[in-house]
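What follows is a single structure, written as structure tokens, with notes after it.
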Amino acid sequence: MRFLTISGPPSSGKTSVILRVIEALQAREKKIGVVKFDCLLTDDDKLYAKKGVLVKKGLSGALCPDHYFVSNIESCVTWGHENNCEYLISESAGLCNRCSPHIKEITAVCVIDNLSGIGTPRKIGPMLKSADIVVITKGDIVSQAEREVFASRVKQVNPGAIIMNVNGITGQGAFELTSLFEDASDIETLKGKVLRFSMPAALCSYCLGETRIGEEHQTGNIRKMDLQEGSAE
Amino acid sequence: MNISEFFLTSMADILVDHPYIEDFLTSFGLIVKPSDDTLQHYLDNLDQDNLEDLGVSDEQLRQSLDDFLTGMLALSDPMDKVESLTIIGGHDKSGKAENLELNLKPGEVICIVGPTGSGKSRLLADIEWVAQGDTPTSRKILINGQVPDSKWRFSTEYKLVAQLSQNMNFVMDLSAEEFIRMHAESRLVTDPEKKVAQILQQANELAGEQFAPDTPVTSLSGGQSRALMIADMAILSKSPIALIDEIENAGIDRKKALDLLVQEEKIILMATHDPILALMGDRRLVIKNGGIDKIIESSEEERKNLVTLEKLDNKLLALRNRIRTGDTLEHIEGV
Ligand SMILES: Nc1nc2c(ncn2[C@@H]2O[C@H](COP(=O)(O)OP(=O)(O)OP(=O)(O)O)[C@@H](O)[C@H]2O)c(=O)[nH]1
Ligand SMILES: Nc1ncnc2c1ncn2[C@@H]1O[C@H](COP(=O)(O)OP(=O)(O)O)[C@@H](O)[C@H]1O
Ligand SMILES: [Mg+2]
Ligand SMILES: [Mg+2]
Ligand SMILES: [Zn+2]
Ligand SMILES: [Zn+2]
């Protein structure tokens, strides 16, 4: 079973791109499973189900969705394998920009869109910077020069990645992307695999449900901004 | 210059001579200050806890820097020369073979015509992807008579094809000059300031209405953005093949625009239904049901009509200007 982790900022076009890839894979008569991870709510599973692929969804609620992802992905892979999927795709929304679902030796894809602003590639952490393939969407809305400038910004933070433009609506580029999926890592289980990058320790009192503001309520892993810095001159 | 030389350069010199390395490091959230320490020393002494906070591992940072420098060096390499582009036919949507082998040379302009949905964009995409029988049309594309290196497919440095798409909108909050400068810098061109000035001047020659360098790109008119993108493509792009997908023709001098691109010795493929552009092309590929159905060489008789067409076009242009200046159109005999 070929397994790929797909992540990206909210509404960047992950589902649209995956749907276009599913169409191309189905034309090759492949059996596909999708697992969707989100925080509070998602209807993406319905869109996938409509395509006739196997779907599971997981909502992390109060947890960071990427932490929730790691605790569950191994059993999802087993599920996909037991159901004879030839491709298993996980979609997760990158919400905290510091966590990332990407796993070593598992093909990692980040979806980011041309409208998100020229500074965005710098702001996204390992989810973008450690991906093997970066898909840039919504190129239909901007000029080709702007697409090139945006792609060069992506290249700056992840120069080793394959960078592709895909249109999530018309599917332009999806065919080409699918041929990269055919080279994705072929696995049966995630046993023994490790994350590409550690996830931040979320261990302050607020992680544990604290809501009151004030020094006396802050315990655990707390860090303070330096408000004096640079104010001397 | 080879990569190892960068690592032996002092940070002070790096900041002056290779600002893109500073840009690279700051894009990971690192702080860079001028000093006599070498880049190697800088990397060896990075605070590992800080890297962890920034979400990058030491190993990954070094690998990325290596990849980045390799890409940068490749940008300054000359492009391999493209002497010919060959399209070997595949099949149309019903599986009927195209049975053709089409050879295109630099300086040629090929128009692609056919109804919506017939497969014009697919043909352009086949060329961009350097298809090898692995697209829905099963076409094959050869460069200089050979199956090209797969570096053409994914590399941003060796892009075979520059594409001018239907959409010319901008979302970035920059002036025309800043935008073009940023584009030039991303291409690492020598003497970017000169190139920027050249592009702005050229764009103003193509555009019906002039614009100042400090005009925000988001407030350029349709014609002005198209003019800017064509000048940008002609002057900045090293790609030997230019694809133009249904460029709208209002507000821009099409003949000059095409001449500008041809003069750069590119192979130009253009999806268009504009009769003037079609007649300026050397050949027209007629697309039907996903396949190249017919090839029409522009004839002398057709070319003669170009003069008449241009006259008609100028008449419309004059009328458009009258509307713009608040005139009325009761009397149009004189135009
Ligand atoms: N114009 C344009 N719109 C796109 C493109 N790709 C996606 N969209 C639109 O962008 C919106 C968000 O797309 P989704 O595919 O739902 O994005 P997502 O990343 O899966 O979103 P979440 O799962 O909610 O984080 C939808 O309205 C899509 O139709 C594209 O290439 N061009
Ligand atoms: N030879 C072909 N075989 C199968 N599908 C094709 C073929 N040519 C084009 N198509 C498909 O037909 C659709 C319409 O083609 P497109 O290139 O977008 O048309 P146009 O640009 O002329 O409007 C696309 O989905 C394209 O992939
Ligand atoms: Mg989604
Ligand atoms: Mg089209
Ligand atoms: Zn997190
Ligand atoms: Zn916390």
Report task. Those residues that are at the interface with another protein chain (Cβ under 10 Å from one of its Cβ atoms) and near ligand 2 (Cβ under 7 Å from one of its atoms), I need them from region B:126-151; list them, please. Result -> B:Pro136
Report task. Kindly indicate which of B:Thr272, B:Thr308 is among the polar types (S, T, N, Q) and under 23 Å from the mean Cα position of the chain (by Cα). Result -> B:Thr272
Query raised in the report: Of everything in region A:124-161 that's in a helix (DSSP H, G or I) and more than 7 Å from every other protein chain (Cβ to nearest Cβ), which residue is farthest from B:Glu185 (Cα to Cα)?
Result: A:Met127
Query raised in the report: Looking only at residues in region A:166-175 that are more than 7 Å from every other protein chain (Cβ to nearest Cβ) and surrounded by fewer than 22 Cβ atoms within 10 Å (Cβ to Cβ), which one is nearest to B:Gln132 (Cα to Cα)?
Result: A:Gly171
Report task. For region B:294-307, enumerate the residues that are open to solvent by 80 Å² or more (accessible area, probe 1.4 Å) and either over 30 Å from B:Leu102 (Cβ atoms) or of a type outside the set (Asp, Glu) (or both). Result -> B:Lys294, B:Lys304, B:Asn305, B:Val307
Query - Candidates B:Arg181, B:Arg139, B:Arg153 - the one that is of a type in the set (Lys, Arg), open to solvent by less than 50 Å² (accessible area, probe 1.4 Å) and either modelled with pLDDT of 90 or more or more than 16 Å from ligand 5 (Cβ to nearest atom) (or both) - result: B:Arg139
Query raised in the report: Hey, among the residues in region A:88-139 that are among the hydroxyl-bearing types (Ser, Thr, Tyr) and open to solvent by less than 10 Å² (accessible area, probe 1.4 Å), which one's farthest from ligand 1 (Cβ to nearest atom)?
Result: A:Ser100
**Report entry** Inter-residue pairs, beta-carbon under 9 Å, first within 14 Å of chain B (Cβ to nearest Cβ) and farther than 17 Å from A:Val70 by Cα and in region A:97-122, second open to solvent by 40 Å² or more (accessible area, probe 1.4 Å) and within 16 Å of ligand 3 (Cβ to nearest atom), 6+ apart
**Finding:** A:Asp113/A:Ser11; A:Asp113/A:Lys138; A:Asn114/A:Lys138; A:Leu115/A:Lys138; A:Ser116/A:Lys138
Query - helices (runs of 4 or more DSSP H) contained entirely in region B:5-95, each with at least 1 residues that are in contact (Cβ under 8 Å) with a residue 60 or more places away in the chain - result: B:19-27, B:58-76
Query raised in the report: Of the residues B:Asp259, B:Asp245, B:Asp214, B:Asp282, which is acidic (Asp, Glu) and open to solvent by less than 30 Å² (accessible area, probe 1.4 Å)?
Result: B:Asp245
Query raised in the report: Among the residues of region B:110-130, is any surrounded by 15 or more Cβ atoms within 10 Å (Cβ to Cβ), under 30 Å from B:Ile21 (Cβ atoms), among the small types (Gly, Ala, Ser) and out of contact with any His (no Cβ under 7 Å at 6 or more places or on another chain)?
Result: no
Query raised in the report: Among the residues of region A:15-48 satisfying the criterion of being under 26 Å from A:Ile141 (Cβ atoms), open to solvent by 10 Å² or more (accessible area, probe 1.4 Å) and touching a helix residue (DSSP H, G or I) at 6+ places or on another chain (Cβ under 8 Å), which is nearest to ligand 6 (Cβ to nearest atom)?
Result: A:Asp38
**Report entry** In region A:57-71, the residues that are away from ligand 3 (no atom under 16 Å from the Cβ) and open to solvent by less than 50 Å² (accessible area, probe 1.4 Å)
**Finding:** A:Gly61, A:Cys64
Query raised in the report: Of all residues in region B:67-91, which are within 14 Å of another protein chain (Cβ to nearest Cβ) and open to solvent by 20 Å² or more (accessible area, probe 1.4 Å)?
Result: B:Asp67, B:Thr70, B:Met72, B:Leu73, B:Leu75
Report task. Those residues that are farther than 15 Å from B:Leu277 by Cβ and in a loop (DSSP other than H, G, I, E, B), I need them from region B:106-126; list them, please. Result -> B:Pro106, B:Gly107, B:Pro115, B:Thr116, B:Gly117, B:Ser118, B:Gly119
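The values are calculated or read from the model by the stated rules, or taken from the named source; none is laboratory data. Not measured: the values here are computed from a predicted model. Using ideal geometry, Cβ is built from the backbone for each residue, glycine included, and neighbour counts are taken over all protein chains shown. All accessible areas refer to the heavy atoms of the entire protein, side chains included, with ligands and DNA or RNA removed. Shrake-Rupley method; radii C 1.70, N 1.55, O 1.52, S 1.80 Å.
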